[in-house]
Amino acid sequence: MDLAPRLSLMNWLVSQGLTGLPENDLIRGFCERCRAEGLSLSRGMVFIDTLHPIFEGRGFRWNDAETNESDVFEYGSTSEGEAAEAWRSSIFYHMLENGHEEMPVDLANGVANFKFMSDLAEKGHKHAVAYVHRFGEAGTMGQMDCVYSYWVTRRDEGFGAQEMATLRDLVPVLGLAIKTAAQADIAKTLGRVYLGRDAAEQVLRGRIARGVTERINTVLWFSDLRGSTAISESIDPGEIIPFLNDYAQASIDAIHDAGGEVLKLIGDGVLAMFTHENLAAAKRAALRAEHRFRRNMKALTARRVAESRPVTTAHVGLHVGEVFYGNIGSDDRLDFTVVGPAVNEVSRIASMCRSVDRELLMSSAFRSGLDAAGRNYLVSTGRFALRGIGRAQDLYTLDPDIAADEVVAGKYERYLAS
């Protein structure tokens, strides 16, 4: 590739990296432009480690012909099992172990030791070159310390000297664009994982100044586990975190599935909210989440009992009220959450579950906004003065007939789904 088209492709990579073009589109655009300028690529693959609670990294593929392969893939830990064996048999592992940054491979000869390269040879590719572009210490985030890639051609004569020089010039620029996109993905992932989905979006849109809040009417959820302190003291220390994680997963999945937003994990407690322009719809979503939570708990209990591991139940309080939603804290340590009397009240309502021996309690404000059909499924548990709350109020729970009568239970589920 001549100098002018090479510079043009570099400019394209930089501009698209700045605009935030997705990685798979970057790879496709890069390969198609290379081919248009005479660089006969038949396949390209780039992958990069990341910071994610489940995946170790993400990869991106391009082929010159239609395949069943996805152009984006995610991979788990390569530290054990078959994944570790596959990684140690790869050309990239060999390059890291031997300090190579570039490694050409004649796919027709001598590739048996490199699993991925052998696969390419079987598919008719003739020549490949692999790259490992390392980051400096300041540019490393966790395991994301380099960009891996390989480039393949079907030409019998393979990549010539000029084509190799072109790839040496262009691939690092592509790697920089990929790294930029990966860092943006990491920021979004960390925001969602540690702040919650909506809070992360707000922070990443620039709402990071202390005191930047809004007043909203919302449905609040507070749940905690029954007897978790006693259970934690009675089990092996190594079982405490899996115990808490199992039950947190059951509640968070239910809240997210119903459209709620998890705001905070407080020990074994979960604070969440459900927002909607129609508060009646938000309340129904909260009831739907509570119903799914009970189903999740039932399945979790069955699994843990079968594994001879401790089980428990959970209490849920539901309330509705006005809160301040936004940044609260100091100049250098902020929390994006909700505050206000309604938040204190929902936690007090949840704590009353123990006193009345119910797994779910709702405030009178929550009940009053439901439609007639929804109110018919609730029964009063009495009037209570909540600790730290200046007024007494009626609290409600689900009619026991919902659990005892299959016909009523079916009607309730249809109500939640409507």
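The values are calculated or read from the model by the stated rules, or taken from the named source; none is laboratory data. It should be emphasised that the depicted structure is a prediction, and the values quoted were computed from it without experimental measurement. Don't worry about glycine lacking a Cβ; one is built from the backbone with ideal geometry, like all the others, and counts go over all protein chains shown. We work out accessible area using only protein heavy atoms, side chains counted, and drop any ligands, DNA or RNA first. Shrake-Rupley method; radii C 1.70, N 1.55, O 1.52, S 1.80 Å.
Please determine, in degrees from 0 to 90 and to the nearest 10, the orientation of helix 341-351 with respect to the longest principal axis defined by the Cα atoms of the chain, where the helix direction is its Cα long axis. Once rounded, the angle reads 80 degrees.
Loop-located GluC sites (Glu not before Pro) across segment 195-293 with a Cβ neighbour count of 15 or fewer within 10 Å are 277, with loop assigned by DSSP.
Compared with the dominant principal axis of the Cα atoms in the chain, helix 237-257 is inclined by about 80°. Ranked from largest, the principal axis spans of the Cα set of segment 1-127 equal 45, 40, 33 Å.
Length, then width, then depth: along the principal axes, the Cα atoms of segment 217-310 run 46, 24, 16 Å.
Once you mark the trypsin sites (Lys or Arg not before Pro) that are in a DSSP loop and have at most 10 other Cβ atoms within 10 Å, what is the longest gap between them in the chain? Write out the running numbers ahead of the final one.
On the way: sites that count: 205, 387, 391.
That would be 1-204.
Label zone (residue 18, point 7 Å along Cα-to-C-beta; backbone nitrogen cut-off 16 Å) within segment 180-200: 180-181.
Using the basic label-point model (7 angstrom from Cα toward the beta carbon), what is the residue 86 to residue 417 distance in nanometres? With each label point 7 Å from Cα toward Cβ, the separation is 3.8 nm. Label zone of residue 118 (point 7 Å out along Cα→Cβ, amide N under 19 Å): in segment 71-102 this covers 81-95.
Here, segment 325-418 has an Rg and a Dmax of 16.8, 56 Å when only alpha carbons are counted.
When Rg is the radius of gyration of the Cα atoms in the chain and Rh is its Kirkwood radius, what does Rg/Rh come to?
Details: Rg = 28.0 Å, Rh = 25.4 Å.
Ratio of gyration radius to Kirkwood radius: 1.10.
In this structure, residue 403 and residue 101 have a Cβ-Cβ separation that, at R0 = 51 Å, corresponds to a calculated FRET efficiency of about 0.20.
Assuming 0.36 nm per residue, please report the length gained on full extension of the stretch residue 65 to residue 2 beyond their Cα-Cα distance.
Values: separation 63, 0.36 × 63 = 22.68 nm, distance 2.58 nm.
Going from the current span to full extension adds 20.1 nm.
So if each residue of separation counts as 0.36 nm, and I subtract the Cα-Cα distance between residue 324 and residue 10, what length gain in nm does that give?
On the way: separation 314, 0.36 × 314 = 113.04 nm, distance 4.75 nm.
Taking 0.36 nm per residue and subtracting the Cα distance, the gain is 108.3 nm.
Give me the percent of accessible area attributable to carbon and sulfur for the chain, probe 1.4 angstrom.
Details: 10340 of 20820 Å².
It is 50 percent, rounded to a whole number.
Over segment 198-269, average the accessible area per residue using a 1.4 Å probe and give it in Å², no decimals. All intermediate terms of the calculation are to be shown ahead of the outcome.
Working: 3660 Å² over 72 residues.
That works out to 51 Å² per residue.
If R0 is taken as 25 Å, the Cβ-Cβ distance between residue 74 and residue 295 corresponds to a FRET efficiency of 0.35. Taking 0.36 nm per residue of sequence separation and removing the Cα-Cα distance, the residue 236/residue 333 pair yields an extension gain of 31.5 nm. Rounded to the nearest 0.05, the FRET efficiency derived from the C-beta distance between residue 389 and residue 226 at R0 = 22 Å is 0.50. To test your reading of the geometry: what angle, between 0 and 90 degrees and rounded to tens, separates the Cα axis of helix 23-36 from the longest principal axis of the chain? Relative to the chain, helix 23-36 is tipped by roughly 20 degrees.
What does DSSP give for the chain in terms of the percent of beta bridges that are antiparallel, rounded to the nearest 5? Percent antiparallel among DSSP bridges in the chain is about 95.
Which residues does a label at residue 305 reach in segment 376-418, if reach means a backbone N under 20 Å from a point 7 Å past the Cα toward the Cβ? Counting backbone N atoms under 20 Å from the label point, the list is 403-406. Of the residues 87, 347, 326, the one whose Cα sits farthest toward the positive end of the charge dipole of the chain, with +1 on the Cβ of Lys and Arg and -1 on the Cβ of Asp and Glu, is 347.
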